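S.K.: What follows is a single structure, and I will ask about it in a moment.
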Amino acid sequence: MSAVGLGLDTTFDDTSVAILQGKSEILANLTLSQYQEHEEFGGVVPERASRKHLEVIHHLIDGALKEANLDFSGIDYIAVSNHPGLLGSLLVGLTVAKSLAYTLQCPLIGVNHVEAHPYANVLKHGEMPFPIMHLVVAGGHTLLIHARDHFDNKIIGRSVDDAAGECVDKVAKMYGHPMPGGPVVDRAAMKFSGKDFDFPRPLMHKNAHNFSFSGLKTAMLRFREKSLKTSTKSAESPQLLQEEGAILASFFQSVVDVLLHKTFNAAETFGLKNISVSGGLAASRKLHSAFEEESAKRGITLFYPPPNLCTDNAAMVTCLAAHRYEAELFDDLTLDAYPNLI
Ligand code: KG4
Ligand code: ZN
């Protein structure tokens, strides 16, 4: 009988609890998003996020056990993301995880949340082959990770400023859309051609495998200010809404072009034939089809998760932990939480 893990993810503004059998059978994966809690403040308020995690985590654990038709005696190990993220939020998940591991006298496994994102693919497709180039496009991180094996990873590229997801959220906000901005931008990108406006593609052919998205964000801000000054159309007019869709589609085309170019270029540099994409922004249908098309053209094997496993979830965290459980890579109760990526 394969091991059953209970995993917790409270890194940022989503509380998630999962139960996984073996390395990929999801028995439960419950996530409660806090976006509405923070809307009136225009961004996530760390103190509020921690309180909300605390309020809901035990209900989610009960719900997950019920869904899996298990009680605590059926749990073999506890997994938790202990970095990176908001310290207060991380501490809620970590403290609950430690209490459970201590009480149940079972192994505790701490996981890097960002390293866990690619494992969404294992849940969907089964084991990925190594070596592989992982593109992780989460809200706060845009990373290229060269993975030679499960615990043998090297970050070979990252954003030197804003992450792609952060840039998308901020540009959507400029146009009056609430968090998260990704879905609205993706809808525009699916509807309009993306060729109507020519926005910058920062660092596309420079700085090796690193990314930069803050210049694109500023370019969008300047463009918006200028068009507001010169526009004669009223704010809700159909032409303006049509134009906004075309602008957001062209903006997202810049983001997609950079992500695509950098990822395939990195795979080529390292001689890799496998690519995975993961993280919340990967829930974009536009990004997915762009990667599908380019992979087919270049003969690359692409691993791409379904949208519900792209955004933050504890199943991917438990999946990475399941691989550590098999290798007997356990932590102890001195495990700490920390905000940084490494
Ligand atoms: O991975 P994630 O859920 O959280 C972090 O680890 O930060 O990523 C959040 C990002 C946000 O930028 C959000 O706008 C984007 O994922 N996102 C999407 C979609 N759903 C969430 N982007 C495009 N299409 C979506 N459907
Ligand atoms: Zn994430």
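S.K.: Looking at (1) surrounded by 22 or more Cβ atoms within 10 Å (Cβ to Cβ); (2) more than 21 Å from F330 (Cα to Cα); (3) away from ligand 1 (no atom under 16 Å from the Cβ), which one does I26 not meet, given that it meets all the others?
M.R.: Among (1) surrounded by 22 or more Cβ atoms within 10 Å (Cβ to Cβ); (2) more than 21 Å from F330 (Cα to Cα); (3) away from ligand 1 (no atom under 16 Å from the Cβ), I26 violates only (1).
S.K.: Still on this structure, I have one more. Considering L216, L228, which residue is open to solvent by 40 Å² or more (accessible area, probe 1.4 Å) and either away from ligand 2 (no atom under 16 Å from the Cβ) or closer than 24 Å to A266 by Cα (or both)?
M.R.: Residue meeting the stated conditions: L228.
S.K.: Look through L329, L333 and report the one residue that is away from ligand 2 (no atom under 16 Å from the Cβ), touching a Lys or Arg at 6+ places or on another chain (Cβ under 8 Å) and open to solvent by 40 Å² or more (accessible area, probe 1.4 Å).
M.R.: It is L333.
S.K.: When only residues in segment 164-181 that are within 16 Å of ligand 2 (Cβ to nearest atom) and among the charged types (D, E, K, R) count, which is surrounded by the fewest Cβ atoms within 10 Å (Cβ to Cβ)?
M.R.: The selected residue is E166.
S.K.: Then there is this: Looking at (1) open to solvent by less than 20 Å² (accessible area, probe 1.4 Å); (2) β-branched (V, I, T); (3) touching a helix residue (DSSP H, G or I) at 6+ places or on another chain (Cβ under 7 Å), which is the one condition that is false for V184?
M.R.: Condition (1) is where V184 drops out.
The rows are residues; the columns are (1) assigned to a helix (DSSP H, G or I); (2) among the aromatic types (F, W, Y); (3) under 19 Å from A120 (Cβ atoms); (4) in contact (Cβ under 8 Å) with a residue 60 or more places away in the chain.
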residue	(1), (2), (3), (4)
L6	no, no, yes, yes
I19	no, no, yes, yes
N29	no, no, yes, yes
E39	yes, no, no, yes
E47	yes, no, no, no
S50	yes, no, no, no
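S.K.: For the list (1) assigned to a helix (DSSP H, G or I); (2) touching a Gly at 6+ places or on another chain (Cβ under 9 Å); (3) within 20 Å of G182 (Cβ to Cβ), I need the number of the one condition that D312 fails.
M.R.: Status for D312: all satisfied but (1).
S.K.: Related question: Out of all the residues in segment 268-279, is one or more away from ligand 2 (no atom under 16 Å from the Cβ), at pLDDT 95 or above and in the same structural domain as I19 (by TED's automatic domain parsing)?
M.R.: No, every residue in segment 268-279 fails to be away from ligand 2 (no atom under 16 Å from the Cβ), at pLDDT 95 or above and in the same structural domain as I19 (by TED's automatic domain parsing).
S.K.: Just give me the residues in segment 142-163 being part of a strand (DSSP E or B) and open to solvent by less than 70 Å² (accessible area, probe 1.4 Å), in sequence order.
M.R.: T142, L143, L144, I145, H146, A147, D152, N153, I155, I156, G157, S159
The values are calculated or read from the model by the stated rules, or taken from the named source; none is laboratory data. The model shown is predicted, which means the values in this text are computed figures rather than measured ones. Cβ coordinates were reconstructed from backbone atoms using ideal geometry, including for glycine residues, and neighbour counts include every protein chain displayed. With ligands, DNA and RNA removed, areas are computed over all heavy atoms of the protein, side chains included. Shrake-Rupley method; radii C 1.70, N 1.55, O 1.52, S 1.80 Å.
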